[in-house]
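Asks: The following block contains the structure, expressed as structure tokens.
Derivation of every value follows stated rules applied to the coordinates shown; laboratory data play no part. The shown structure was predicted, so the numbers you read here are calculated from the model rather than taken from an experiment. Every residue, glycine as well, gets a Cβ built from its backbone with ideal geometry; the counts of neighbours run over all protein chains shown.
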Amino acid sequence: MATASYVIGIGSNRRHGRHGAPARIVAAAVGAIAAQGLTVVRCSRTRRGPALGPSARDFANAALLVDSALPPLALLALLKRIERDFGRRRGRRWGARVLDLDILAWSLGRWQSRTLVVPHAALADRRFAIGPAAEIAPDWRHPRDGRTLRQLAARLRAPRPVDRTPRGS
């Protein structure tokens, strides 16, 4: 496969024995990804935000723009191996985790298999993912509706209209 670009989401909300707090784990994960031969083109700043689901711990989140000749499933396998190297264990969905790595977008558009959907199915609806992704690839267009990541991020930041329709109408 020719070289393609990927946006990878990085998240952590549990301390690590060697790397420490979640923000430091995010930084260490960037180094681990680069050490695996992926070309890191750009890295967003690390942001702190609330967890989804049952975990009470805030997450540190960032995104990377990388170039790689790996196809999506091979990249996913590599990212899962890095997660395990950091101590990630399968457990409760949306629970606390040392490291979470997700393929958010791919320069060649869409990819779908039994185990992977790219772009990430919830990318456009999750501020913790779209914010960092838009920071590093603002003009990248979502293949579903053609909006840029910047436009999708702005949509999530905009105040939501209040429905003033009387109940029972």
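Asks: Name the single residue that is surrounded by the fewest Cβ atoms within 10 Å (Cβ to Cβ) among those in segment 116-139 being among the β-branched types (Val, Ile, Thr) and either at positive phi or assigned to a helix (DSSP H, G or I) (or both).
Replies: We begin by selecting, within segment 116-139, every residue among the β-branched types (Val, Ile, Thr); these are 117-118, 130, 136.
Filter once more, keeping what is either at positive phi or assigned to a helix (DSSP H, G or I) (or both): 130, 136.
Numbers: Ile130: 28, Ile136: 20.
My answer is Ile136.
Asks: Do we have any residue at all in segment 43-56 that's part of a helix (DSSP H, G or I) and in contact (Cβ under 8 Å) with a residue 24 or more places away in the chain? Step through it out loud before you land on a result.
Replies: Just the residues of segment 43-56 that are part of a helix (DSSP H, G or I), to begin with: none.
No, because not a single residue in segment 43-56 is part of a helix (DSSP H, G or I) and in contact (Cβ under 8 Å) with a residue 24 or more places away in the chain.
Asks: Looking only at segment 13-22, which residues are crowded, with 17+ Cβ neighbours inside 10 Å and without any contact (Cβ under 8 Å) to a residue 40 or more places away in the chain?
Replies: Pro22
Asks: Something else: Using the structure shown, decide if Ala74 is of a type in the set (Gly, Ala, Ser), touching a strand residue (DSSP E or B) at 6+ places or on another chain (Cβ under 9 Å), closer than 17 Å to Leu38 by Cβ and in contact (Cβ under 8 Å) with a residue 24 or more places away in the chain. Please lay out each step first, then the result.
Replies: On the way: of a type in the set (Gly, Ala, Ser): yes; touching a strand residue (DSSP E or B) at 6+ places or on another chain (Cβ under 9 Å): yes; closer than 17 Å to Leu38 by Cβ: yes; in contact (Cβ under 8 Å) with a residue 24 or more places away in the chain: no.
No.
Asks: Something else: Among the residues of segment 16-28, is there at least one that is closer than 17 Å to His120 by Cβ and touching a strand residue (DSSP E or B) at 6+ places or on another chain (Cβ under 7 Å)?
Replies: Restricting attention to segment 16-28, the residues satisfying the condition of being closer than 17 Å to His120 by Cβ are none.
For segment 16-28, residues closer than 17 Å to His120 by Cβ and touching a strand residue (DSSP E or B) at 6+ places or on another chain (Cβ under 7 Å): absent.
Asks: Of all residues in segment 113-150, count the ones that are farther than 21 Å from Val40 by Cα and among the small types (Gly, Ala, Ser).
Replies: Residues in segment 113-150 being farther than 21 Å from Val40 by Cα and among the small types (Gly, Ala, Ser): 5 in total.
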